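Visitor: So that we are looking at the same thing, I have put the structure below in structure tokens.
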Amino acid sequence: MPDKMRVVSGIQPTGGLHLGNLLGAILRWVRMQDEAQCLFFLADLHALTVDVDPKELAANVREMAAALIASGIDPARSILFQQSAIPAHSELAWILQGTARWGWVNRMTQWKDKAGKNREGSSVGLFTYPVLQAADILLYKATHVPVGEDQKQHVELTRDIAIKFNTDFDVDLFVPPEPFIGGGTAARVMSLRDGRSKMSKTDPSEMSRIHLTDSNDEIAQKIRKAKTDPDPLPADPAGLDGRPEAKNLVGIYGAVTGESVEQVLGRFAGQGFGAFKPALAEVLVGLLQPLRGRLDEFRRDPAELDRLLADGSARAAELGAPTLAEAYRAVGLPR
């Protein structure tokens, strides 16, 4: 068993990282490094559950790794690695598919959402990926997994698989993980064009999102043109109810500065967006400009990025190897 809190989390290497990714997940990971032993991985095996462009996937792995490190993930303090570099993930996933029940996986709401009406045409991997996700976690005997509301069901599945395996084979091998609520609050960042929809790279409007690579001028322009309403900001957070765009911009400001909604409104109450938007653009530039600079450094030195990923993958492989060996022995296979 781990001798202290151990957190494992992965992120799919998709292109076009934006402010929602940064405030909603990545900066929370950065803060977790102060609270637990952390393993963060680029989930490139999970990316294969849908159609992929091989060249694009390879480039996105590097880009995501660079963004994570530029944002504050420290490869010396945490283990940052590439999922596919460690065959143990796939091997353990296959063993666990003998433990997981079809009914458990079929209840996963994300499977239903992603497959939609085209379940017959969806890949088997899209259906079974929660079992690979369980392997990602159980391989390292993680005690906690940082998740949003939409992923809690997957942690519950991982716990069910761990408990059933331990019971079926009379071992004390896998640690049933708990959801992790550390790392501070993850911001839910909405579109700059529609405060009721999450910020997403799939939105056809470039003005709906701020990319981590946007210039200072582009950031200022997108905030200036962000959808708002004509009313001034209220003094009470309740006054933001029914004003999704205003609530989103205030929430972004607070997430960047570390202030509560009450604190932000305490400073800007009674002011219109003509005053608030420049202030928001200023704090966003302050956050993203140095990050963008570090990202550019890694883009100019891909060999260093590859070295850091290889080092992290070697450390993760060493940590997970005993668990996989024990799993093989438990089911009666040679290792």
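Visitor: For residues that are within 25 Å of Arg243 (Cβ to Cβ), buried (at least 16 other Cβ atoms within 10 Å of the Cβ) and at pLDDT 90 or above, tally how many sit in region 176-197.
Guide: Matching residues across region 176-197 total 7.
Visitor: Of the residues in region 75-109, how many are out of contact with any strand residue (DSSP E or B) (no Cβ under 8 Å at 6 or more places or on another chain), surrounded by 12 or more Cβ atoms within 10 Å (Cβ to Cβ) and closer than 30 Å to Asp34 by Cβ?
Guide: Here the count works out to 7.
Visitor: Which ones in region 254-278 are crowded, with 18+ Cβ neighbours inside 10 Å, of a type outside the set (Phe, Trp, Tyr) and over 19 Å from Lys222 (Cβ atoms)?
Guide: Val264, Leu265
Visitor: Hey, another quick one. Would it be correct to say that Lys152 is farther than 29 Å from Lys198 by Cβ and not hydrophobic (A, V, I, L, M, F, W, C)? Show your work before the answer.
Guide: Numbers: farther than 29 Å from Lys198 by Cβ: no; not hydrophobic (A, V, I, L, M, F, W, C): yes.
It is false that Lys152 is farther than 29 Å from Lys198 by Cβ and not hydrophobic (A, V, I, L, M, F, W, C).
Visitor: Within region 19-50, which residues are of a type outside the set (A, V, I, L, M, F, W, C) and within 12 Å of the chain's Cα centre (by Cα)? Can you show your working first?
Guide: Initially, region 19-50 is screened for residues of a type outside the set (A, V, I, L, M, F, W, C), giving 20-21, 24, 28, 31, 33-35, 37, 44, 46, 49.
Of everything in region 19-50, those that are of a type outside the set (A, V, I, L, M, F, W, C) and within 12 Å of the chain's Cα centre (by Cα) turn out to be Gly20, Asn21, Gly24, Arg28.
Visitor: Residues being crowded, with 17+ Cβ neighbours inside 10 Å and modelled with pLDDT under 85: count how many of those fall in region 127-152. If you could, list the steps in order and put the result at the bottom.
Guide: Taking region 127-152 as the starting set, the residues that turn out to be crowded, with 17+ Cβ neighbours inside 10 Å are 127-147.
Applying the additional criterion that residues be modelled with pLDDT under 85 yields 147.
Number satisfying all stated conditions: 1.
Visitor: All but one of (1) buried (at least 21 other Cβ atoms within 10 Å of the Cβ); (2) touching a Pro at 6+ places or on another chain (Cβ under 9 Å); (3) more than 24 Å from Ala162 (Cβ to Cβ) hold for Val8; state the number of the condition that does not hold.
Guide: (3)
Visitor: It is to be established whether one or more residues within region 51-74 are surrounded by fewer than 16 Cβ atoms within 10 Å (Cβ to Cβ), over 15 Å from the mean Cα position of the chain (by Cα) and of a type in the set (Gly, Ala, Ser).
Guide: yes
Visitor: If I go through region 197-224 residue by residue, how many of them are outside the structural domain of Pro244 (by TED's automatic domain parsing), small (Gly, Ala, Ser) and either in contact (Cβ under 8 Å) with a residue 60 or more places away in the chain or within 21 Å of Leu295 (Cα to Cα) (or both)?
Guide: Number satisfying all stated conditions: 1.
Visitor: A further question on this structure: Say we look at region 298-331 and pick out the residues that are of a type in the set (Asp, Glu) and free of Cβ contacts under 8 Å to residues at least 40 places away in the same chain; which of these is farthest from Ile73 (Cα to Cα)? So that I can check it myself, show each step before the final result.
Guide: Here is the first cut: in region 298-331, the residues of a type in the set (Asp, Glu) are 301, 304, 306, 311, 318, 326.
Cutting the leftovers down to free of Cβ contacts under 8 Å to residues at least 40 places away in the same chain gives us 301, 304, 318.
Values: Asp301: 18, Glu304: 15, Glu318: 21 Å.
By that ranking, first place goes to Glu318.
Visitor: Filter the helices (runs of 4 or more DSSP H) completely within region 49-166 down to those with at least 1 residues that are at positive phi, touching a helix residue (DSSP H, G or I) at 6+ places or on another chain (Cβ under 9 Å) and assigned by TED's automatic domain parsing to the domain that holds Ala314. Before the answer, list the steps.
Guide: On the way: elements: 54-71, 88-97, 102-106, 109-115, 124-138.
Because the criterion is at least 1 residues that are at positive phi, touching a helix residue (DSSP H, G or I) at 6+ places or on another chain (Cβ under 9 Å) and assigned by TED's automatic domain parsing to the domain that holds Ala314, no helices (runs of 4 or more DSSP H) in region 49-166 meet it.
Visitor: Now for a separate question. If I go through region 294-312 residue by residue, how many of them are at pLDDT below 95 and small (Gly, Ala, Ser)? Break it down into steps so the answer makes sense when it comes.
Guide: First, the residues of region 294-312 that are at pLDDT below 95: 294-306.
After this cut, where a residue has to be small (Gly, Ala, Ser) as well, the list is 303.
Residues meeting the conditions: 1.
Visitor: Looking at Thr213, Thr228, which one is of a type in the set (Val, Ile, Thr), closer than 16 Å to Gly20 by Cα and part of a loop (DSSP other than H, G, I, E, B)?
Guide: Thr213
Visitor: Among the residues of region 245-284, how many are within 21 Å of the chain's Cα centre (by Cα) and among the aliphatic types (A, V, I, L, M)? Please lay out each step first, then the result.
Guide: Taking region 245-284 first, the residues within 21 Å of the chain's Cα centre (by Cα) are 248, 251-258, 284.
Still in the list and also among the aliphatic types (A, V, I, L, M): 252, 255-256, 284.
Residues meeting the conditions: 4.
Visitor: Give the residues of region 264-321 that are farther than 21 Å from Glu245 by Cβ and outside any helix (DSSP H, G or I), sorted by residue number.
Guide: Asp301
The values are calculated or read from the model by the stated rules, or taken from the named source; none is laboratory data. Please read all numbers here as calculations on a predicted model, not as lab measurements. FYI the Cβ positions are ideal-geometry reconstructions off the backbone, even for glycines, and counts take in every protein chain you see.
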